[in-house]
Structures are given as structure tokens and as C-alpha cells.
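See below for the structure under consideration.
The values are calculated or read from the model by the stated rules, or taken from the named source; none is laboratory data. The shown structure was predicted, so the numbers you read here are calculated from the model rather than taken from an experiment. Cβ: placed from backbone, ideal geometry, glycine included. Neighbour counts: every protein chain shown.
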Amino acid sequence: MRDFQIEVGSSKNAELTFEIHLVADELKAVGGSLPQSTLASAAGFSGKSGQTLVAYQEDSSIPALFVGLGSSLDLEGFRVAGALAVRSLAKGITEAAVVANGVEAASLAAFAEGAVLGQYRYDDLRGKGFDPSSISQLERLKIVVAEPNAVASLVEKSVIIANATCLARDLINEHASTMTPTRFAELAKSIASRDSLDCRVWDLKQIEQEGLGGLLAVSRGSIQEPRFVKMSYRPNGHTDDGRVVALVGKGITFDSGGLSLKSGDGMMTMKTDMSGAAAVLSTMSVLSSLNVGVAVDGYMALTENMPSGSATKPGDVFVARNGKTVEVLNTDAEGRLVLADALSLAVEDGASEIIDLATLTGACVVALGREIAGIMGNDQQLVESVITAGDTAGEPLWQLPLPERYKKHIESEVADMKNIGAPGAAGTLSAALLLQEFVADTPWAHLDIAGPSRAESDERYFRKGGTGFGVRTLCRYLIA
């Protein structure tokens, strides 16, 4: 990840090397007058979403990029325009300015967010033949407005959140042979030290002592030891009886399926199975910068899921942290097992509310596709608040039910429950119903991010690979 500078400045005496203008449908300028003859002379440019035009304005030697916004002019449209703008600049252009007088501050913040997300690339693993100068890399983007003070704070927050999302993308995109549970935990400790957060890391021996049976069951087949991370952020003025939000992330750093082995194709993207933990860590990394006013604890259960002679076998039963027993009938339904222990610990620690994120079920991808996450929970107010935060952030969530009668899907012949539901039926719901057994009466929302955690192509403000989905939703929820 390479950060670039976004600043807000006055339109007075602004030194511009390249201008970016935003244009709505039918060549309507957003935030100022544009030379209509310049635009009209370009065949096919009408200001529709996704369109761009590079041209010189009348009576100006400064080149300009015109970016189409379409007609909706919502926050998501400005995010997409921000990404499109930075990706459309010619090679060698390192500085540009958005001429945006009259545009709402929230829209400009969304534009800046999209610019950061759109410029993201993951090139850390490319060889010596890769030339970074062969791609366009903007170094400085100035947002020129008449009253910068009204805009600067919102833009700053959006850029902080976007950079946190890019951090999550980096964690997800790194290959699993180096992004091990141990390395992830070390990164968490480093971030905590930088931001003065409390950080507790349990190694294998401590995980055994603490009775994290689900995490142990999943980790048994790997030579990589599991880790359990808890990070804590406390704002100024927090009291012991104050509100504490618990964020819980699934951290399977590689998922082969265990003895219930995935296909070769099914394993190709399984380094991304720690996207939930990546979202939690990245959110924790910016709470101080965002001056979040509520206490937050982040729980990350980290392990590989591998096959070996020591791996958990279908039919095995383990005891989870809260004393409940789970029969493992499919070792590829492992995420819910490590989450069970993390959720139990959040309840024990007295969380006021719990939000978990997990690339949990392929069934959710079938139901909602690759752009929408599923959300379920036991507290409607919490669920609706998280959905609202997702809408603001551009990360759509769709609520699914948790029918009491479907608990029969996870009834076991020999244990308190089994880790898979009825064959071919309501797989997302049965997984969430198992998780519900570990949250007691604590308000809880579960985000199944299996679909939107990974992009399969470069589009909008995404690059193919990890998206960092959830970071923007969590941040918007916590600062609301």
C-alpha cells in the first residue's frame, strides 16, 4: 500500500498542475461553470457515470480531466468518480486538483475516499522486472473549495478510513505462507504499540489453558501454531461501567478445508479467509486517529485449517470455551468453531454489544452474490444501526432471518450441537444459529462477508483481490 496526500485548500491563488472537473448527465457542471463548447465538442461525452474526457479548457493551458457522475449524485457515485479520476490520469502526472466549489462536504469526502481506494495496488510480490513508473501514481490531490474549513474534517476522516481499508487489503492479499497466525499477531502488537492500545496475544499453551476448544480443534492439522488476539481501545473519560463494543473477526489464514478437503479451485483464494480478522485489526488501527468516543475491544481468532494425521476428524466432538459441546461433521465448516470461542470471551468480558465479521458460508454468496453481505442478529436495533452504517459507507448489507424452528438443523445425536445444518438448505442461517449459542443475551450482529470480501476484477474502486469489506462499515458505525 502506498499512501498519497489529499488536502483541502482554498480556491484563492490555487496553483494547479492538472484539474479534475465533475460533470453530471447532460453536461451539467457540478460545483461551477464549465466551458460547454469544450465538452460538447467531444463526441459521446454526456456526463454519464463512468465516462471521462481529457481536454484543454478554453483560454487555459492547464489540462483537465472531466469525469462523468451520472444523474443520481449520491455518495457512492462520488466514490466511484474519485477512483475513476485517479485511474484515468496520464502517466507522469503526480499532482492534480479537484475544482469543486458548491459541492457538499460529504460528497467531497466520498470522492476523496474513492480516490484513495481506487489508487490502491498490491505490488509487494512482483519481481525485479516490475517497473512502478509504468503505472500512473498520483502523489498529491488537492480539493479546491471556497471554504476549506467546512470540508477538511470530513475529508480527513474519509481518508483515514480509506487507508485503514487499504491496510486490510494488504493483510488479505499477502500470501498465506508468510501471513501466518504468528505474523498476524505480531502485526497486531506493533499497531497496538504505535497507537497506545492494550494488546494481549495468547500462544498455543495459553489457548489450551484458556479452554478455546474450537480454535484448538481447527488448528490441530497445521504445523503453524494458532494465536488469539485481543486489542482494547479506551477513549478519554471511559469508565469501567461504560459502553464497550466488541468486534470479533474470523482469522483463518489459510483454509484447505481440513480433512473435508476443498477442491483445487476452491482453495485458490483461501488466503482471504482471514478477511474478518483483517477488518477488525484495521478498524482498531484507526480508532485513536478518528477520536472514537466509545470503548472498543477487538477479538481475532487465528489459525490455519489443514489436513494431516493430527487433524480433527469428522465425528469428533470438542468442548468450546463456554462449556458447550460441538460435533464436527465437516471440517470445512471451521470458521464458526473459532468464532464460538471468541464470542464467548466477548460475553465474559462484559461487552455491551458484539459485531462479528466472517467469510463464513458459500451459501451467502449464492443468496446475495459478490457485492452484498448478509447480516443476522438477536437485536433489531443493533442490526439496523449496522445496516445504516453500511449504507453510508457504500458496503450494502441485507438482513436474513434466524428462525427459532431452524435450530433443529444443527441438532446433534451425541453433542449439544453439530457444526453443519441440513444438506442444501439454509446454510447461512444454520451457521449463524450456531454462533447465537455463544452470545448469551448480549446484543449481537453477525456479518457474513463471504461474497464482498474479494473482488474478482478491477471495477469501481476495487482491485482484484481482497476488498477490506467491513472496515468502512465498522468505522462509520463507531463514529456515528
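Summary of computed values
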{"quantity": "Candidates L474, L478, L429, L435, filtered to the one that is within 12 Å of the chain's Cα centre (by Cα) and either more than 16 Å from A164 (Cα to Cα) or at pLDDT 95 or above (or both)", "calculated": "L474"}
{"quantity": "Selection count, region 151-195, where residues are touching a Gly at 6+ places or on another chain (Cβ under 8 Å) and of a type in the set (K, R)", "calculated": "1"}
{"quantity": "Flag for A115 being in the same structural domain as F18 (by TED's automatic domain parsing) and in a helix (DSSP H, G or I)", "calculated": "yes"}
{"quantity": "Among the residues listed as V294, V280, the single one being in contact with a strand residue (DSSP E or B) (Cβ under 7 Å, 6 or more places away or on another chain) and over 24 Å from P452 (Cα atoms)", "calculated": "V294"}
{"quantity": "Contacts under 7 angstrom Cβ, first residue in region 128-156 being more than 27 Å from A90 (Cα to Cα) and of a type in the set (V, I, T), partner at pLDDT 85 or above and surrounded by 13 or more Cβ atoms within 10 Å (Cβ to Cβ), 6 or more apart", "calculated": "V151/V8; V151/A105; V151/L108; V151/I143; V151/V145"}
{"quantity": "Output for region 321-342, where each listed residue is among the hydrophobic types (A, V, I, L, M, F, W, C) and in contact with a strand residue (DSSP E or B) (Cβ under 6 Å, 6 or more places away or on another chain)", "calculated": "V326, V328, L329, V338, L339, A342"}
{"quantity": "Residue match in region 297-304 (condition: part of a loop (DSSP other than H, G, I, E, B) and either assigned by TED's automatic domain parsing to the domain that holds G350 or closer than 21 Å to L247 by Cα (or both))", "calculated": "no"}
{"quantity": "Index of the failed condition, V365 passing every other in (1) buried (at least 24 other Cβ atoms within 10 Å of the Cβ); (2) out of contact with any helix residue (DSSP H, G or I) (no Cβ under 6 Å at 6 or more places or on another chain)", "calculated": "(1)"}
{"quantity": "Out of D297, D273, D265, sole residue that is acidic (D, E) and surrounded by fewer than 20 Cβ atoms within 10 Å (Cβ to Cβ)", "calculated": "D265"}
{"quantity": "Some residue of region 330-345 being crowded, with 20+ Cβ neighbours inside 10 Å and closer than 23 Å to S193 by Cβ", "calculated": "yes"}
{"quantity": "Members of region 379-400 that are touching a helix residue (DSSP H, G or I) at 6+ places or on another chain (Cβ under 6 Å), in contact (Cβ under 8 Å) with a residue 60 or more places away in the chain and not aliphatic (A, V, I, L, M)", "calculated": "G390, T392, G394, E395"}
{"quantity": "Of all residues in region 40-89 being modelled with pLDDT of 90 or more and among the acidic types (D, E), the one that is farthest from G102 (Cα to Cα)", "calculated": "E76"}
{"quantity": "Condition check for A432: surrounded by fewer than 24 Cβ atoms within 10 Å (Cβ to Cβ) and outside any strand (DSSP E or B)", "calculated": "no"}
{"quantity": "Enumeration of residues in region 237-262 that are farther than 24 Å from G315 by Cα and surrounded by fewer than 19 Cβ atoms within 10 Å (Cβ to Cβ)", "calculated": "G237, H238, T239, D240, D241, G242, R243"}
{"quantity": "Residue within region 269-282 that is more than 18 Å from D356 (Cβ to Cβ), within 18 Å of the chain's Cα centre (by Cα), touching a residue at least 12 places away in the same chain (Cβ under 8 Å) and assigned to a helix (DSSP H, G or I) present", "calculated": "yes"}
{"quantity": "Every residue from region 1-39 that is assigned to a helix (DSSP H, G or I) and modelled with pLDDT of 60 or more", "calculated": "D25, E26, L27"}
{"quantity": "Any pair with Cβ under 7 angstrom, 6 or more apart, that starts in region 87-98 at a residue that is within 17 Å of I6 (Cβ to Cβ) and ends at one that is buried (at least 17 other Cβ atoms within 10 Å of the Cβ) and of a type in the set (K, R)", "calculated": "A97/K142"}
{"quantity": "Test set (1) of a type in the set (A, V, I, L, M, F, W, C); (2) assigned to a helix (DSSP H, G or I); (3) under 18 Å from the mean Cα position of the chain (by Cα) - A340 fails condition number", "calculated": "(3)"}
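Residue-wise test of (1) surrounded by fewer than 22 Cβ atoms within 10 Å (Cβ to Cβ); (2) in a loop (DSSP other than H, G, I, E, B).
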| residue | (1), (2) |
| --- | --- |
| E395 | no, yes |
| P401 | yes, yes |
| S412 | yes, yes |
| G424 | yes, yes |
| T428 | no, no |
| A440 | yes, yes |
